[in-house]
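Participant: Structure provided below as structure tokens; questions to follow.
The values are calculated or read from the model by the stated rules, or taken from the named source; none is laboratory data. As the structure is a prediction and not an experimental result, all values here were calculated from the model. Here the Cβ is made from the backbone with ideal geometry for all residues, glycine too, and neighbour counts use every protein chain on show.
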Amino acid sequence: MFEDKDLAAIQNGDELALARIIAAFYQTLTRFAFRYLKDMHDAEDIAMLAIHELWNKRLSVHNARHAEAFLHRVAKHLCIDLLRQKRRRKVSFFNPQSATFDHLTEDHDKAICKKLDAPAVHNFFERAASAIEKLPKQQKKVIRQYLRDEHLSMVKIAEKLKMNPKTAFAHKYEALKNLRTMMGDHDPR
């Protein structure tokens, strides 16, 4: 149970209290986001983004009830934004089943490209592999693990990489943002 004393600890920058927020709200926020998105990976990402936003705005939150309402409001808006984004682009970097980064890893990216006949798709995967190589070291490490173990949540991936979950999520978020920029939101279809 998340209480006002936990909020006070968070406002003082206590990262252990952040772990209590994650324990208290992660599953609830994931289920909440899943109802909107119907995609567990996106829902997990939204839950962590909402918690990250609470951490960033922790000084403006007044009590534990306000924190819970804040998290759900942020999660709802993030879900709506993601759904709008998906409708516009019809491709998502968050969704491993989309055409964007389906099982792309350093070891088999070239093999995948050779199996694909379409030159545009081949070119896309070559550009994606090149873009991943240009990422900063930690972002590259997290995004490769995320693409390799798409069935795992970011919390589990962070454990595998021996990182703080918040740090791993931030690296993934920045890596995806950088990849979108480097790839120019290119759709391989």
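Participant: Pick from ILE51, ILE10: which is surrounded by 18 or more Cβ atoms within 10 Å (Cβ to Cβ), under 19 Å from ALA168 (Cα atoms) and not aromatic (Phe, Trp, Tyr)?
Facilitator: On the way: ILE10 fails: under 19 Å from ALA168 (Cα atoms).
Just a single option satisfies the conditions, and that option is ILE51.
Participant: So which residues in the range 146-174 are modelled with pLDDT of 85 or more and touching a Lys or Arg at 6+ places or on another chain (Cβ under 7 Å), if there are any at all?
Facilitator: Answer for the range 146-174, where residues must be modelled with pLDDT of 85 or more and touching a Lys or Arg at 6+ places or on another chain (Cβ under 7 Å): just LEU161.
Participant: Among the residues of the range 69-81, write down those that are surrounded by fewer than 18 Cβ atoms within 10 Å (Cβ to Cβ) and either at pLDDT 90 or above or in contact with a Lys or Arg (Cβ under 8 Å, 6 or more places away or on another chain) (or both). So that I can check it myself, show each step before the final result.
Facilitator: Narrowing the range 69-81 to residues surrounded by fewer than 18 Cβ atoms within 10 Å (Cβ to Cβ): 69, 72-73, 76-77, 80-81.
The answer is ALA69, HIS72, ARG73, LYS76, HIS77, ILE80.
Participant: Scanning the range 106-145 for residues that are outside any helix (DSSP H, G or I) and among the aliphatic types (A, V, I, L, M), which turns out modelled with the lowest pLDDT? Talk me through it step by step, then tell me what you get.
Facilitator: Initially, the range 106-145 is screened for residues outside any helix (DSSP H, G or I), giving 106-108, 116-118, 134-136.
Right, trim to among the aliphatic types (A, V, I, L, M) and you get 116, 118, 135.
Numbers: LEU116: 45, ALA118: 49, LEU135: 89.
In this case the residue turns out to be LEU116.
Participant: Let me ask something else about it. Restricting attention to the range 82-99, does a residue exist that is modelled with pLDDT of 90 or more, part of a helix (DSSP H, G or I), charged (D, E, K, R) and within 16 Å of the chain's Cα centre (by Cα)? Can you show your working first?
Facilitator: At the first step, the residues of the range 82-99 found to be modelled with pLDDT of 90 or more are none.
No, every residue in the range 82-99 fails to be modelled with pLDDT of 90 or more, part of a helix (DSSP H, G or I), charged (D, E, K, R) and within 16 Å of the chain's Cα centre (by Cα).
Participant: In addition: Do we have GLU68 as part of a helix (DSSP H, G or I) and within 16 Å of the chain's Cα centre (by Cα) here? Step through it out loud before you land on a result.
Facilitator: Working: part of a helix (DSSP H, G or I): yes; within 16 Å of the chain's Cα centre (by Cα): no.
For GLU68, the condition - part of a helix (DSSP H, G or I) and within 16 Å of the chain's Cα centre (by Cα) - is not met.
Participant: Could you check the range 25-61 and list, in sequence order, the residues that are of a type in the set (Gly, Ala, Ser) and under 27 Å from ARG87 (Cβ atoms)? Can you show your working first?
Facilitator: Going residue by residue through the range 25-61, those that are of a type in the set (Gly, Ala, Ser) are 33, 43, 47, 50, 60.
Selection gives ALA33, ALA43, ALA47, ALA50.
Participant: Still on this structure, please answer the following. So which helices (runs of 4 or more DSSP H) stay within the range 1-61 end to end and still have 3 or more residues that are touching a Cys at 6+ places or on another chain (Cβ under 9 Å) and of a type in the set (Val, Ile, Thr)?
Facilitator: Passing ranges: none, list empty.
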